[in-house]
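Worksheet: one structure, shown below.
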Amino acid sequence: MDRSKIKRRLAKDKLMLWGICLLAALTAVPLLAILGEVLLRGYHQLSWAFFTEPTPTAYKAMKAFEAGEPIPGGIANGIVGTMIMLGMAVIVAVPLGVLCGACLAENSKNRFALFVSYLTDLLQGTPSVIIGIITYIWVVVPMKGYSAIAGSVALCIMMVPLIVRSTEETLKILPASLKEVGLALGGNKARVMMRVQLPAAFGGIFTGILLAVSRVIGETAPLMFTALGCSLIRFSVDKPISAVPLLIWEFFNDPNLQELIWGASLFLLLFVLALNLTAKYLAKKWNQ
Amino acid sequence: MKQIFSSIMTLAVAIAMASCGGNAKNGAREAQELSGAGATFPLPFYNVVFENFAQVNGDIVAYGGVGSGGGVRNLRDKVVDFAGSDAFLTDKEMAEMEPVVHVPTCMGAVVVAYNLDGVKELKLTGEVVADIFAGKIRMWNDERLTALNPGVALPAEAIIPVFRSDGSGTTFIFTDYLAKVSPMWKEKFGAGKSVNFPSGQAAKGNPGVAGVISQTKNSIGYVGSEYAFAQKIPYAIIQNAIGEFVLPTAESISAAAAGTIPADTRTSITNADAAGAYPISAFTWIIIYKEQNYSGRSKEQAEATLDLLQYILSDEVQNITSEVHYAPLPAKAKELSMENLKAVTYDGVAILQ
Amino acid sequence: MNDKLYRIILFVAALIVPIVCGGVVYALVTDAYDAFEHFGFLNFLTSSQWSYTAGNEQYGALPFITGTLMTALLALVFCIPFSLPVALFVGEYFRGTKVASVLSTVTDLLAGIPSIIYGLWGFFTLRPILMALDISPQGSGVLTASLVLAIMIIPYVASLSAEFIKMVPNDLKEGAYSLGATRAEVIRKIIFPVAGSGIFSSYVLAIGRALGETMTVTMLIGNTNNIPDSIQSTGNSMASIIANQFGEADDLRLSSLIAIGLVLFLITALINIIGKIMIKRARIV
């Protein structure tokens, strides 16, 4: 083997290393670019009024825009709507998802459980816009109107498979001895699940719930067909309601309101990233 | 469940009203919450009107700017008290629904807005506009454009038409005009709330189109006049039916309604052959059911709906139209509408005496 | 609580998933039936007409199927040169180090950004750049949408592929090193052949993601109902036409949109199942 060939091979190896480092580093660019843009254009909008006042009407925004004044109002209607719909969705999705995940973990060899497991993947991969259509057919049409309930049903359908998956996986990696000791001490399966397995898996399940919430909080398409949006701060669940991502979509489509878009996006982005980081931190802590 | 919540809601509204220091002047009935949906074209005007109405009458009106197509669908599904539409219902659409009443609320113009560096004034004829949107005139320095605009430096760049991605009364007004002035347009594309434009790019709602135009060099699009005014986007001077080049103003829009108006007010006033008329002018309507007892609506709600419409037709409201870049209704249209409202019933009994 | 009752409760809870899935298919099929019956199933899929002229309504899904496939495949092409290095970085070169965990946090955060914010960024930042560079005259279009889609799927593909790269047995790699192979050669000759099917399946799953992405595409693709004739031209994807027109459509158009939804659902379901089966196989090996 001659020297130049070895040199070439070593050079290739080095080139590859640098290439990979460079390209991998480049993927951080969009994150920084998006964070930077939203932060720079949005931070000065965050004020008390921004979180406590509803969105202005097109007329008020237009007048303010023409006069060159800052747009009055905020996104309180969206924040309230997001919280209401998310709250309702979590209340239903968490128990359902955890029980379903427990069933899959307990019966991992069972045919029915395998089937359900496949369908969970399927549901998780279903585009959110289709969840919107389905909720429209199931809830909006029979109720004869858009509502917060419909919006939360859509969010719930999207959260369930995520929670099922995380619960199932967390329970499966618990040491089998845990369950065996519980059973040997005379507990029945239900007691062992409630008193031993679920508490032991709590960290993982909680992380999963946080991630599920962060995943659906930014969903826009399904809410367009279900919650519709509303410019009032509303607490009723059978009426159209707004949500932060819906407001961003509204602002995107209205140049008079466009100034508000960055503040709203910053709020949503910080919320989602905070949830993500918390989940990651908890997962790490729980793993130790 | 639904009823419990709506009664809680009404209670909340009542409390809010009471705490507003007796703003509710309507002694005859309780304050109502009305909901409507539809056109974005008159949205800023409706915002002002509904806010004033809430102060004068105590009734709250929630209006969603979902586009004329969406508004009419919501009315057909009977989930709203009224629909806003820039296009009157066709005979076919009317035949598929229970009887409705059209009430014009104001007049407006669709402007042809553009984004061209350094071009302050652009003159266009109807046929040229049709050919641009049909993709036949592709470049800004096309000789038909330069012939109309001597001395204007039009760039050698491709024209980017911008249009609506949703069903829209604005699209109807615009294509109705194009179909009247261009046989080619009538045959190939026709007039409607949604038309298959062959090239360019689409955006949602009037404001969305205004936004894309202001963000895209060398683009041209059609929007409700107030959105172009507010965004300070320049718009073209259009040649009308008698050959004058006219800018959209309250006067030139009003001039378009000089002709006769049918009893049900369903009429198109585009390409009007009156002197000084802006050719892409139109009425915008609120559409309600003739029989107001549907989907469990109360008589009070029906009364509130009619109060609202009468309020809109009043001189007090019509005078503020031009303030928000619209034009007031001609007297004839107001008279006809008042007459039409008398035919509106609740359980078969006329609501207005 | 006895064991039997406990089992029953668990199974009833698990039933929710099949019920929802069945309901999805049932509702989509019944509501799409009108469109299929009116135009014929095959004709609906292959017609490129989307015209709502009253009295002569013509609805076909071809422009949207084309738009969807174009954006998704293009996004895949754009994402490979970044997702593969990230996967190698995290799964091989700097495996288990602090740098790797920073990079995977970055990609996790990238995955967490809501799609509407990706859309905003694409519209207000990327689009003007493309216009200034004269790459695309109107800025919006298939190309713009797929560039942003690519960024969105990088984290997903990278973390999945890294998992498979990590699973390559150490003794295989060590054997190659002891024979004098460089790291680049180990990656090419050992890691790719062994982890290849797993890496491939992560790309398949990523396509499933890209196909159904709604808001980003709606904000960037230009929303015209034509078959895109080049990657710069505007179009509509299946998800974006639904987002654009579902709110106002009725009768035949509504049914046609739901039919498009059904087609989209079936395509994504198929791709997901194929991907999952491939992953299961790859894990066993």
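Coordinate-derived values only; no laboratory data. Since we're looking at a predicted model, the values are computed, not measured. Here the Cβ is made from the backbone with ideal geometry for all residues, glycine too, and neighbour counts use every protein chain on show.
Axis of helix B:169-181 versus longest Cα principal axis of chain B: the two differ by about 40°, to the nearest ten degrees.
Counting only other chain Cβ atoms within 10 Å of each residue's Cβ, the peptide C:124-132 averages 3. The tail of the calculated P(r) for the protein assembly as shown beyond 41 Å holds 41 percent of all Cα-Cα pairs.
Averaging the sequence gap over all C-alpha pairs within less than 8 Å and six or more residues apart, then dividing by the number of residues, gives the range B:190-231 a relative contact order of 32 percent. Show which aspartates and glutamates lie in cross-link reach of B:K92 when reach means a straight Cα distance below 19 angstrom and same-chain residues fewer than eight apart are skipped. B:K92 reaches B:D77, B:D176, B:D264, C:E57, C:E248, C:D250, C:D251. Taking label positions 7 Å along the Cα-Cβ direction at both A:K172 and B:D264, the computed distance is 6.4 nm, reported to one decimal.
Temperature 37 °C, viscosity 0.692 mPa s: under these conditions the Stokes-Einstein estimate for the range C:161-216, based on its Kirkwood radius over C-alpha pairs, is 259 µm² per second.
Descending by average beta-carbon neighbour count within 10 Å, the peptides C:149-159, B:184-194 line up as C:149-159, B:184-194, the highest first. Helices meeting the span-like rule in chain A (full DSSP H runs, Cα extent of at least 24 Å along the helix axis, mean Kyte-Doolittle score of -1.0 or higher): A:3-26, A:76-106, A:148-173, A:198-217, A:258-287. When you work out D = kT/(6 pi eta Rh) for the range B:183-324 at 20 °C and 1.002 mPa s, using the Kirkwood radius from C-alpha pairs as Rh and the Stokes-Einstein form, the result is 118 µm²/s. Counting only other chain Cβ atoms within 10 Å of each residue's Cβ, the peptide A:237-247 averages 3.
Considered as an equivalent ellipsoid built on the Cα gyration tensor, the range C:75-154 has semi-axes of 29, 13, 10 Å, the largest given first. Number of Lys-Lys pairs in chain C under 29 Å by Cα, sequence gap 8 or more or different chains? Lysine pairs meeting the criterion: 11. Taking the Kirkwood radius as the inverse of the mean 1/r across Cα pairs, report the Rg/Rh of chain B. Rg divided by Rh gives 1.01. Axis angle, to the nearest 10 degrees, between helix C:98-112 and the longest C-alpha principal axis of chain C: 10 degrees.
With Cα atoms defining each centre, the range B:136-215 and the range C:38-111 are spaced 31 Å apart in the structure. Against the empirical 2.2 N^0.38 Å (N residues), the range C:99-226 has a Cα radius of gyration ratio of 1.36.
If every alpha-carbon in the range B:285-353 counts as one equal scatterer, what log10 I(q)/I(0) does Debye give at q = 0.12, 0.13 1/Å? The calculated log intensity ratios at q = 0.12, 0.13 Å⁻¹ are -0.35, -0.41. Per the Debye formula on identical point scatterers at the alpha carbon atoms of the range B:201-243, with no solvent, log10 I(q)/I(0) at q = 0.16, 0.17, 0.19, 0.20 Å⁻¹ is -0.42, -0.47, -0.56, -0.61. Filter the trypsin sites (Lys or Arg not before Pro) in the range B:47-100 down to the DSSP loop ones having no more than 14 other Cβ atoms within 10 Å, then list what survives. Listed in order of number, the matching sites amount to none. Panel values: the range A:41-95, Kirkwood radius from alpha carbon pairs, Stokes-Einstein at 4 °C and 1.567 mPa s, translational diffusion coefficient 100 µm²/s.
On the principal axes of its alpha carbon atoms, the range A:1-73 extends 80, 24, 15 Å, with the longest extent given first. Counted by neighbouring Cβ atoms within 10 Å, the residues A:L223, A:L183 run from fewest to most as A:L183, A:L223.
Convex hull of alpha carbon positions in the range A:134-207: directionally averaged projected area 6.3 nm². How many nm is it between the label spots at C:S197 and C:L42, if each spot is 7 Å from the Cα in line with the beta carbon? Result for the modelled spin labels: 3.5 nm. Taking each residue as 0.36 nm, the span from B:E335 to B:A147 lengthens on full extension beyond its C-alpha to C-alpha distance by 63.2 nm.
Bridge orientation summary for the range B:143-263: considering DSSP beta bridges with both residues in this region, about 25 percent are antiparallel. So how tilted is helix C:251-284 from the main axis of chain C? Cα-based, degrees 0 to 90, rounded to 10. With both axes taken from Cα atoms, the answer is about 10 degrees. For chymotrypsin sites (Phe, Trp or Tyr not before Pro), the sites in the range B:206-304 that DSSP calls loop and that have at most 14 other Cβ atoms within 10 Å are B:Y294. Can you give me the pair-distance distribution of chain A, C-alpha pairs, 10 Å bins, whole percents? Distribution as computed: 6, 21, 25, 21, 14, 8, 3, 1, 0 percent.
Comparing C:A100, C:A14, C:A75 in a Gaussian network model of chain C, where Cα atoms under 10 Å apart are tied by springs, the biggest mean-square fluctuation is seen for C:A14. Number of Lys-Lys pairs in the range B:231-353 with C-alpha atoms under 26 Å apart and a separation of 8 or more places or on different chains: 8. Work from the charge dipole of the protein assembly as shown (Cβ charges, +1 for Lys and Arg, -1 for Asp and Glu, about the Cα centre) and give the residue of C:A27, A:I75, A:T57 farthest towards its positive end. After comparing all options, I get C:A27. A straight chain from B:N319 to B:S295 at 0.36 nm per residue would run longer than the Cα-Cα distance by 5.2 nm. Neighbour counts of other Cβ atoms within 10 Å put C:T214, C:T46, A:T226, B:T249 in the fewest-to-most order C:T46, B:T249, C:T214, A:T226.
Put a dot 7 Å past the Cα of B:V56, heading toward its Cβ, do the same for B:M184, and the two dots end up 4.8 nm apart. Over chain A, dividing the summed -39,500 (n - 2.57) contributions of all DSSP H runs of at least 4 residues by the number of residues returns a 222 nm mean residue ellipticity of -23500 deg cm²/dmol. In this structure the amide hydrogen of B:M139, modeled in the peptide plane, comes within under 5 Å of the amide hydrogens of B:I159, none closer than 5 places in sequence on its chain.
For chain C, taking the reciprocal of the average inverse distance between every pair of different Cα atoms yields a Kirkwood hydrodynamic radius of 21.2 Å. Over chain B, DSSP H runs of length four or greater, each weighted -39,500 (n - 2.57), average out per residue to a 222 nm ellipticity of -11000 deg cm²/dmol. Taking all Cα pairs closer than 8 Å and separated by 6 or more residues, the relative contact order of the range B:226-290 comes to 31 percent. Shielding of peptide C:147-160 by partners, expressed as the average count of other chain Cβ atoms within 10 Å per residue Cβ, is 1.
Every Cα-Cα pair of the range B:19-176 was included, and the share exceeding 23 Å stands at 55 percent. For chain B, the antiparallel share of DSSP beta bridges with both residues in that region comes to about 60%.
Loop-located trypsin sites (Lys or Arg not before Pro) in the range A:61-154 (DSSP state other than H, G, I, E, B) with a sparse environment of at most 15 neighbouring Cβ atoms within 10 Å: A:K109, A:K144. Residues A:H44, C:H38, B:H102, B:H325 in ascending order of nearby Cβ atoms (within 10 Å, fewest first): A:H44, C:H38, B:H102, B:H325.
Here the range B:297-352 and the range A:178-246 have alpha carbon centers that stand 49 Å from each other.
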